[in-house]
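The values are calculated or read from the model by the stated rules, or taken from the named source; none is laboratory data. All figures in this text were calculated on a predicted structure; none of them were measured in a lab. Don't worry about glycine lacking a Cβ; one is built from the backbone with ideal geometry, like all the others, and counts go over all protein chains shown.
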């Protein structure tokens, strides 16, 4: 095998990211769905664990902790799923008044009639 064939095979399949472009909306949505499913799976495990611990050991404080976790995780999951990536700070081009370009002369006489 020649060296040119080896280098072609050893190259990465994905192109190198050279810009500051944001990930696509589909990628962001897929990541948020994955986060939601993982959080809800943890909630389901917490509720099942609470039921098992209550029936087997009767450790009330642990059952209550898992029940509270199972109660608040749906709210947290929805917040995390609806949260998008942070907005990038961009420089806003605002008008800066220059004193040498004023329209009115502050020492001018104003005649009111």
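Out of all the residues in segment 24-36, which are surrounded by 12 or more Cβ atoms within 10 Å (Cβ to Cβ) and either within 15 Å of residue 76 (Cβ to Cβ) or in contact (Cβ under 8 Å) with a residue 12 or more places away in the chain (or both)? If you could, list the steps in order and put the result at the bottom.
Keep residues of segment 24-36 that are surrounded by 12 or more Cβ atoms within 10 Å (Cβ to Cβ), which gives 28-32, 35-36.
Passing the criteria: 28, 32, 35, 36.
Just a yes or no: is a residue in segment 58-66 within 30 Å of residue 29 (Cα to Cα) and in a helix (DSSP H, G or I)?
yes
From the list 81, 44, 77, pick out the single residue that is outside any loop (DSSP other than H, G, I, E, B), within 28 Å of the chain's Cα centre (by Cα) and modelled with pLDDT of 95 or more.
The conditions single out 44.
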